[in-house]
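The values are calculated or read from the model by the stated rules, or taken from the named source; none is laboratory data. All of these numbers come straight from a predicted model, not from anything done at the bench. We place every Cβ from the backbone using ideal geometry, glycine too, and count neighbours over all the protein chains shown. Protein only, heavy atoms only, side chains kept; ligands, DNA and RNA dropped before computing areas. Shrake-Rupley method; radii C 1.70, N 1.55, O 1.52, S 1.80 Å.
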Amino acid sequence: GFEGLTIEFGKNAPPLKVFEQSSFPVLLKIRNNGANNIENNKGVLTIGREKDYVSKIRFERNSRLVIDPNFDNKVNFSLDGKTLINTKGDELIIYFDADTGRLEPQSEQKNSVMTANLCYPYHTNLSTTICIDPDVVGLKPGQKVCQVKDLTFSSGQGAPVAITRIEEQIIPIDPETVKPQFLIFIENKGRGNPVDIKSYENVCGKADLSNQPANQKNNIWNVAYVRAFASGNEQLVCCPNKEGQCRDDSTN
């Protein structure tokens with residue numbers, strides 16, 4: 001599949017209508033529909049609201065949550081993904097109370113929007129078999145053991161960012177040597193936005209990005225790192241750091 005974490009509000013929590021200067025319940029269901037685990041409380045949930053109309057949020061204590069004392073609208077969590085035993089993935093229920101503020105004297109009612117945002121690290125794993133044809137020009141007699149062809153992956157790898165296609169080309173170097181080349185197609189099949197792994201928590205509101213230069217803010221969006229290996233753990237593709245060496249965090 002192509003899903004990672006999904007989230008939904010509970011039925012009638014929050015209710016459609018609330019009174020000013022009162023409190024109301026909110027229930028959220030988060031499920032990990034992908035193949036990767038969210039470990040070490042690296043999942044981030046933030047609640048967006050208009051503070052003039054929803055003044056306070058109080059998360060209910062839960063052994064599976066880490067509540068940030070510096071942010072009343074943010075919690076961290078862990079959530080296991082799908083396995084052969086747990087084919088539906090793990091689910092987390094989060095409950096909190098919210099307080100409403102006062103309306104303006106001239107207003108009888110006000111429509112206010114509340115949003116729930118998820119930020120989390122995730123990775124895509126694909127293992128496949130390819131054909132290396134040492135006689136690409138067809139000079140040697142006999143039947144070939146395999147055929148070089150493009151590979152398509154329409155079912156996904158259990159993550160929103162998916163490898164959808166690999167195109168292979170065998171380039172002859174000399175009569176005895178060939179060089180395979182691969183073109184890997186990667187697509188965002190999910191409904192979220194990929195961000196640089198180093199900044200994913202900041203995107204969900206842990207830090208203020210407004211003072212950062214525009215080029216730095218833009219560079220964190222639509223980013224994914226790729227590593228590719230051949231048999232024998234030979235690395236073919238990596239994400240280099242400033243020194244031109246392969247980064248350790250390029251598995252995301």
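Brief remarks on what is shown
- Checked against the criterion of being acidic (Asp, Glu), at pLDDT below 90 and either farther than 30 Å from Leu45 by Cβ or open to solvent by 80 Å² or more (accessible area, probe 1.4 Å) (or both), the stretch 173-189 contains one or more residues that satisfy it.
- Flag if Asn41 is exposed (fewer than 14 other Cβ atoms within 10 Å of the Cβ) and either modelled with pLDDT of 90 or more or assigned to a loop (DSSP other than H, G, I, E, B) (or both): no
- Cβ-Cβ under 9 Å pairs, at least 6 apart or on other chains, the stretch 189-203 side more than 18 Å from Asn33 (Cβ to Cβ) and among the β-branched types (Val, Ile, Thr), far side part of a helix (DSSP H, G or I) and open to solvent by less than 90 Å² (accessible area, probe 1.4 Å): Val195/Asn202; Val195/Val203
- Tally, over the stretch 66-83, of residues that are under 12 Å from Gly34 (Cα atoms) and loosely packed, with under 13 Cβ neighbours inside 10 Å: 1
- Extreme residue, farthest from Ala13 (Cα to Cα), among residues of the stretch 92-109 that are of a type in the set (D, E, K, R) and open to solvent by less than 70 Å² (accessible area, probe 1.4 Å): Glu104
- In the set (1) loosely packed, with under 14 Cβ neighbours inside 10 Å; (2) closer than 27 Å to Arg191 by Cα, Ser63 fails one condition alone, (2).
Conditions (1) out of contact with any strand residue (DSSP E or B) (no Cβ under 8 Å at 6 or more places or on another chain); (2) in a helix (DSSP H, G or I); (3) modelled with pLDDT of 85 or more, marked per residue:
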site	(1), (2), (3)
Asn193	no, no, yes
Lys206	no, no, no
Asn211	yes, no, no
Asn218	yes, yes, no
Tyr225	yes, no, yes
Gly232	yes, no, no
Leu236	no, no, no
Lys242	yes, no, no
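- Yes/no for Ala35 being under 19 Å from the mean Cα position of the chain (by Cα) and buried (at least 19 other Cβ atoms within 10 Å of the Cβ): yes
- Of residues in the stretch 15-32 being open to solvent by less than 50 Å² (accessible area, probe 1.4 Å) and within 26 Å of the chain's Cα centre (by Cα), the one nearest to Asp80 (Cα to Cα): Asn32
- Count of the stretch 92-129 residues, restricted to those that are free of Cβ contacts under 8 Å to residues at least 24 places away in the same chain and either closer than 24 Å to Val223 by Cβ or in a strand (DSSP E or B) (or both), is 1.
- Cβ-Cβ distances below 8 Å connect the following pairs, each with a first residue in the stretch 76-87 that is under 20 Å from Gly156 (Cα atoms) and modelled with pLDDT of 90 or more, a second residue that is assigned to a loop (DSSP other than H, G, I, E, B) and acidic (Asp, Glu), and a separation of six or more residues or different chains: Asp80/Asp90; Gly81/Asp90.
- Residue count for the stretch 110-122, restricted to those that are surrounded by fewer than 17 Cβ atoms within 10 Å (Cβ to Cβ) and more than 19 Å from Lys29 (Cβ to Cβ): 4
- Qualifying residue in the stretch 10-22 (condition: under 20 Å from Lys74 (Cβ atoms) and either at pLDDT 95 or above or out of contact with any Pro (no Cβ under 9 Å at 6 or more places or on another chain) (or both)): no
- Filter pass, Asn36 being more than 30 Å from Leu103 (Cα to Cα), out of contact with any Cys (no Cβ under 8 Å at 6 or more places or on another chain) and part of a loop (DSSP other than H, G, I, E, B): yes
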